[in-house]
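> Following this message is one structure expressed as structure tokens.
Taken together, the values in this text are just the output of simple stated rules run on the coordinates, not laboratory data. Computed from a predicted structure; not experimentally measured. Counting neighbours? That spans all protein chains shown, and the Cβs are built from the backbone with ideal geometry, glycine included.
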Amino acid sequence: MTVFEATTGHGETPPADSVAPRDSTADAPTSVTRLNATIRDFIARWNTVWVEGEITSWNVRAGNVFARLKDTRSDAQISIRVWSSVRGRIPSDIGIGDHVVVAVKADYFVKAGDFSFAVSAMKHVGLGDQLERLERLRVQLRQEGLFDPARKSRLPFLPHVIGLVTGERSDAEKDVHRNAELRWPQVRFRTEYAAVQGDRCVPDTLAALAKLDADPDVDVIIIARGGGDPQTLLGFSDERLVRAVAAASTPVVSAIGHENDHPLLDDAADLRASTPTDAAKRVVPDVGEQRALIAQLRSRATTRLTQRLTHDIAQLEQLRSRPVLRSPDPLIDGRAQELWLQLSRGRDAVTRQLDAAGRRTSELRASLRALSPAATLARGYAIAHLEGGVILRDAADAPAGSALTITVDRGSVAARSEGEIPESA
């Protein structure tokens, strides 16, 4: 505690630091330092207070957090500070929009006259048991494979019709429509409205999802909701809804809350978008980017084709400039001479083979003629045949009266055997 001592003489105005705020007058005012110190000493006697509210700002600087806590039923706010030594003891997922209970102790900075509250503990309102159950459910569903990336479907490049499940006349609906139409003006939507918090949230969302999933024209489904505290987002961690999204045949995009919000629906969906705006940007391509890409590809194709044609023309000109193509007559004449020589050699070889074959044939003919029975008959001999064409070689084989056929050089005659002629005759 700061001690202020008076150093005045009799009848003199006391120094401001020596005047207590409660004793100050127009003639004897207190100092700012004495006032701030008095306020600090008074506040230091306050005990720790548990206060409930909604976080409206959350700024991290040098490991410390400077935030504001707003009353949930009015506009009243307080400034809170979370020192780096305390941050490790509070939930890491706390952020703007969260409904929390905070243990605070008043703190007054004398030098700046700044009044705030130092945080010693902080937790979500009424979410302890629920968050614990959700974490157990998250582990169970992950073990069942519902969050497996291999199970997720790939979004179409350009959906013709986008199914949208969101609250009626909600900012999320406007954000999705506006950003999607800015990127691709011809995009079409089929919207099914559902309660995005409360008891009707899960059944309404399930019905809307089933209707859009059964529509063959819908290429992708977006489930969108704006930000809120974890309590209002609990419906999107319902096991029935998570299993329905995992079983849907149409790709599903989860766009629930802000970047820090993470319901179980995000894990089961085929794509998790940080916000409804982000969902619109990730579901449809940007027409300007696609046109620029097409122009770039056309330019690259034109350049490559031009280079290829230029290269081929240069090669063709190089080939045409060669002597053999510029004046091919000598080459043809040389080949013609070679062809004529080969033809002459072939003709001579065939002629020699034919002559040799002719001589061989004449020799064989003469040999055959010399050995032929016809040559013997021409010299005056005859051949006797018995019936059946058997040649008669022994007179004993032709008894008297046997029919004979006598073949001579020019024809044959029929005769009859008179029997064997005696040797004496």
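> Going through the cross-link list Lys152/Lys281; Lys70/Lys174; Lys70/Lys123; Lys70/Lys281; Lys123/Lys174, which pairs have a Cα-Cα distance over 22 Å in this structure?
Going by Cα-Cα distance, Lys70/Lys174; Lys70/Lys281; Lys123/Lys174 fall outside the 22 Å limit.
> While we're on this one: Kirkwood hydrodynamic radius, the range 223-276, all distinct C-alpha pairs: what's the number in Å?
Every distinct Cα pair counted, the radius reaches 10.8 Å.
> About the Cα centre, and with charges only on the beta carbon of Lys, Arg (+1) and Asp, Glu (-1), how big is the dipole of the chain? Nearest 20 debye, please.
Rounded to the nearest 20 debye, it is 1660 debye.
> Per Stokes-Einstein, at 10 °C and 1.306 mPa s, what whole-number D in µm² s⁻¹ belongs to the range 273-425, with the Kirkwood radius over Cα pairs as the hydrodynamic radius?
Once the numbers are plugged in, D ends up at 58 µm²/s.
> Would you kindly state how much longer the chain becomes between Leu319 and Asn59 on full extension, computed as 0.36 nm times their sequence separation minus their alpha carbon distance, in nm to one decimal?
Result for the pair: 86.2 nm of gain on full extension.
> Among Ala118, Ala28, Ala279, determine the one that fluctuates most according to a GNM of the chain built with springs between C-alpha atoms less than 10 Å apart.
With Cα springs under 10 Å in the chain, the top fluctuation among Ala118, Ala28, Ala279 is at Ala28.
> Cβ under 12 Å from Val242's Cβ, Val242 left aside: what net charge do those residues give with Lys, Arg +1 and Asp, Glu -1?
So the environment of Val242 carries a net charge of -1.
> Only helical DSSP H runs with n ≥ 4 go in: add -39500 (n - 2.57) per run for the chain, normalise by residue count and round the 222 nm mean residue ellipticity to 500 deg cm²/dmol.
After summing the helix terms and dividing by residue count, I get -13000 deg cm²/dmol.
> Among Ala356, Ala180, Gln307, which residue has its Cα positioned farthest towards the positive end of the charge dipole of the chain, with +1 placed on the Cβ of Lys and Arg, -1 on the Cβ of Asp and Glu, and the dipole taken about the Cα centre?
Ala356
> Using per-residue counts of other Cβ atoms within 10 Å, averaged over each peptide, order 356-366, 231-241 from highest down.
The densest-packed peptide leads the list: 231-241, 356-366.
> Say we join alpha carbon atoms closer than 10 Å with springs in a Gaussian network model of the chain; which of Arg410, Arg225, Arg300 then has the biggest fluctuation?
Arg410
> Next question, about the same structure. Have a look at Val165, Ala210, Ile221 and report the one farthest towards the positive end of the charge dipole of the range 122-273, computed about the Cα centre with Cβ charges (Lys/Arg +1, Asp/Glu -1).
Checking the options against the dipole of the range 122-273, the answer is Ile221.
> Shifting gears a bit: How do 79-92, 251-264, 167-180 rank on mean C-beta neighbours within 10 Å, highest first?
So the peptides 79-92, 251-264, 167-180, ranked by packing, come out 251-264, 167-180, 79-92.
> When percent of Cα pairs over 36 Å apart is calculated directly from the model, which label among (i) 32; (ii) 66; (iii) 22 fits?
Of the listed options (i) 32; (ii) 66; (iii) 22, (ii) comes from this structure.
> By how many nm would the segment from Gln143 to Phe115 grow when fully extended, if each residue of separation counts as 0.36 nm and the alpha-carbon distance is taken off?
Gain in length upon complete extension: 5.1 nm.
> Return the long-range amide H neighbours of Ile256 (sequence gap of 5 or more, or a different chain), with a cut-off of under 5 Å between placed amide H atoms.
Amide H to amide H, under 5 Å and 5 or more residues apart or across chains, Ile256 pairs with Arg225, Ala273.
> Would you mind computing, in nm to one decimal, how far apart the modelled labels at Gln342 and Ser85 are, each placed 7 Å from Cα along Cα→Cβ?
10.5 nm
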